[in-house]
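The values are calculated or read from the model by the stated rules, or taken from the named source; none is laboratory data. Just so we're clear, the structure is a prediction, and the values are computed from it rather than from any experiment. Reconstructed Cβ throughout: ideal geometry from the backbone, glycine too, with neighbour counts over all protein chains shown. Only protein heavy atoms, including side chains, enter the accessible area calculation; ligands, DNA and RNA are left aside. Shrake-Rupley method; radii C 1.70, N 1.55, O 1.52, S 1.80 Å.
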Amino acid sequence: MSRLEAKKPPLFISEPLTEDTVSQSLSLLSGILKSCYGPAGRLKQLHNGVGGYVCTTSQSSAILSRLSVSHPILSVLVASVQNHICRFSDCGLFTAILCCSLIENFKSLNVASCTVIKISKHLLSLCMDYLKSEACGCRVSVDFSSLETLLSLVRSVLTSKPACMLNKLEVDHLTMLILKAFMFTVPCHVETNAVLGKCIIVPVKGRRVMDSTVLPGLLIETPEIQLAKPLAVKRTCSNMIKIALFCVSMSGDLFNPEEGTITVHHGISLEMSEVNQLLNVGKQLVNDEVGLVVCQKVIHPSLKQYLKENHVIAVDRAGLSLMEPLSRMTGSKPIASIHSLSPSCYGSLKDVRLESFASKHFVHLIPNDTVVCSLILCNRNETAWDELKRACETAEHVLQLTVKEPLALLGGGCTETHLASYIRHKSCSLSTSSFKDLDCSRTQYQLVADGFCRSLESVACSLNHDDGEILTDMVYGHCWLVPSGFPSVSNWSDLVSKCGCGINGNTESLNWRLLQGQFGSPIIQGCPKDPSVKVADFLTLDCFAAKCSGLQVALETANLILDLSYVIEDQN
């Protein structure tokens, strides 16, 4: 006991945001995330100090889960953004960059943090009210009777992930596949509480992206089934295939000794007893006209052989991840015991086929009503495939969120610059009573509002990675990117053809201003919902729900960090 160290007192750090190490770490994190933002974002390679798997990515979900942050303030920021990503999948970089910018801009103001927080909350409410109003000039309605907006949403997700290494033809192909897969998951018969189905991504690495395809139903990899042999499967009198789904091992393993003591009579073989029980289950399945048996775990070879002789297909090692979609697709209830088998647990299928992709063999389960589908996803190598899988999952989630709220926001930095212009316009026209309600002066409000707008604009500026200029126009408040290599005194109208989202072209006299480091001016009018000229074939769009949540999370997290007076660290 004498060799044990005495307990150290906790470390109290007052006003943690004033520390140089915190400012430097926050600036470094912001720089890393900004450099990843958008279609031209720079890739990052992440790996641990002792080697192992190397992740090449520009996606926030992959970066933040692999970044090691030591300071509690950064941990709060990262955890907050990760929680947003878990809920919405999209706009993670937007949320993190905006949060970092808000903290940096707000703490540089000579305004008390409590006042900053009150004013910023008011600014957030102005933004949210505007985004949810019919007068909003940076949102578009999503019409599910037309594919154009849905395709733009999916395309925007794919093109913002450069590590997927996709060309235009591949983006077009995958965009159609993802939308087709999503349509498969929409129930044909709408109920009161309709639930979307599921898309299962099947990996095929080392093949062309153009080889990717979507199939209705579910694919289960079965290396041992030979494609050359015809598939004979038992059907019911109604020409359906009855399926039994087991979530318990059917390998005939003996009891685990840790589960208790077993008394065995002389001459009794436990192994044979288990195998006989399995064969009894097989006989009942055959008698019940079951045509397909799927087991999450392993099926004993004797039972497999018996089922095969009776024209019952047996598929084992399906894995836990397929149990829920299998159950939902077939209507079967997973059977958890081989000692009690109820016919009410069986489900049904329309057909079972064998499929082959690359060197892999699959059993293809085709349901009566398609609510589950399989996306066979191909890419050239493992790194690009991993990144593409994350992008496809994000795109699917974005479509699901859009079903609940059929709106989208303009992308390419246009929503950020438009909102900044709107807030500057509103902050100049606030009544004196509003300042009294907020217990602040007009000057304080203007300072915080300008910091808020500059934070929004800094997100739009993060899309520029090639030393070009970022402009905003004074009519629509949209974002325009000028290629690098042109002096700042150029005639901007000669250098830009369309805004970041693609909805506006340079077809009229627009006044311009540079975004970096300049105070803004109010826009003259709102952005029209249906402009006379739409330059791009497809708009660049962002998920409405994800971006609105990202805006709220960024500001609330920034306010939380600004409000921190002490950090208490345990030193033991």
Residues (exposed (fewer than 15 other Cβ atoms within 10 Å of the Cβ) and assigned to a helix (DSSP H, G or I)) located in the range 291-338: PRO301, SER302, GLN305, LYS308, GLU309, LEU320, SER321, GLU324
When every residue in the range 17-51 that is among the small types (Gly, Ala, Ser) and either in contact with a helix residue (DSSP H, G or I) (Cβ under 8 Å, 6 or more places away or on another chain) or more than 15 Å from LEU67 (Cβ to Cβ) (or both) is compared, the one modelled with the lowest pLDDT is GLY51
Of the residues that make up the range 16-30, is at least one under 23 Å from LYS389 (Cβ atoms) and touching a Phe, Trp or Tyr at 6+ places or on another chain (Cβ under 9 Å)? no
Among all residue pairs at least 6 apart or on different chains, which show Cβ distances below 9 Å where the first residue, located in the range 364-393, is in the same structural domain as VAL154 (by the TED database) and over 23 Å from PHE184 (Cα atoms) and the second is of a type in the set (Ser, Thr, Tyr) and open to solvent by less than 20 Å² (accessible area, probe 1.4 Å)? THR383/THR57; ASP386/THR57; GLU387/THR57; GLU387/SER58
Anything in the range 339-356 that is closer than 26 Å to VAL275 by Cα, in contact with a Pro (Cβ under 9 Å, 6 or more places away or on another chain) and open to solvent by 70 Å² or more (accessible area, probe 1.4 Å)? List them, or say none. none
Take the residues in the range 53-109 that are over 15 Å from the mean Cα position of the chain (by Cα) and among the aromatic types (Phe, Trp, Tyr); name whichever of them is modelled with the highest pLDDT. PHE106
What residue, of ALA408, ALA420, ALA384, is modelled with pLDDT of 95 or more and among the hydrophobic types (A, V, I, L, M, F, W, C)? ALA408
Every residue in the range 364-376 that is touching a helix residue (DSSP H, G or I) at 6+ places or on another chain (Cβ under 6 Å) and either more than 17 Å from LEU218 (Cα to Cα) or assigned to a strand (DSSP E or B) (or both), please. VAL372, CYS373, LEU375
Answer residue from the range 1-28, given it is small (Gly, Ala, Ser) and open to solvent by 60 Å² or more (accessible area, probe 1.4 Å) and is farthest from ASP570 (Cα to Cα) among those: SER27
Condition first: under 15 Å from SER23 (Cα atoms) and β-branched (Val, Ile, Thr). Now tell me which residues in the range 97-118 satisfy that. ILE97, ILE103
Going through (1) in a loop (DSSP other than H, G, I, E, B); (2) open to solvent by 30 Å² or more (accessible area, probe 1.4 Å) one by one, HIS361 fails only at (1)
Mind checking whether some residue in the range 150-159 is of a type in the set (Ser, Thr, Tyr) and either in the same structural domain as THR540 (by the TED database) or without any contact (Cβ under 8 Å) to a residue 60 or more places away in the chain (or both)? no
Quick check: anything in the range 465-483 open to solvent by 40 Å² or more (accessible area, probe 1.4 Å), of a type outside the set (Asp, Glu) and modelled with pLDDT under 85? yes
Note on ALA420: of the conditions (1) crowded, with 20+ Cβ neighbours inside 10 Å; (2) small (Gly, Ala, Ser); (3) more than 24 Å from LEU481 (Cα to Cα), unmet is (3)
Scanning the range 29-62 for residues that are aliphatic (A, V, I, L, M) and surrounded by fewer than 12 Cβ atoms within 10 Å (Cβ to Cβ), the one nearest to LEU102 (Cα to Cα) turns out to be VAL54
Restricting attention to the range 149-208, the residues that are in a loop (DSSP other than H, G, I, E, B) and closer than 17 Å to TRP385 by Cα number exactly 8
Matching helices (runs of 4 or more DSSP H) fully within the range 390-490 where at least 3 residues are charged (D, E, K, R): 414-428, 442-461
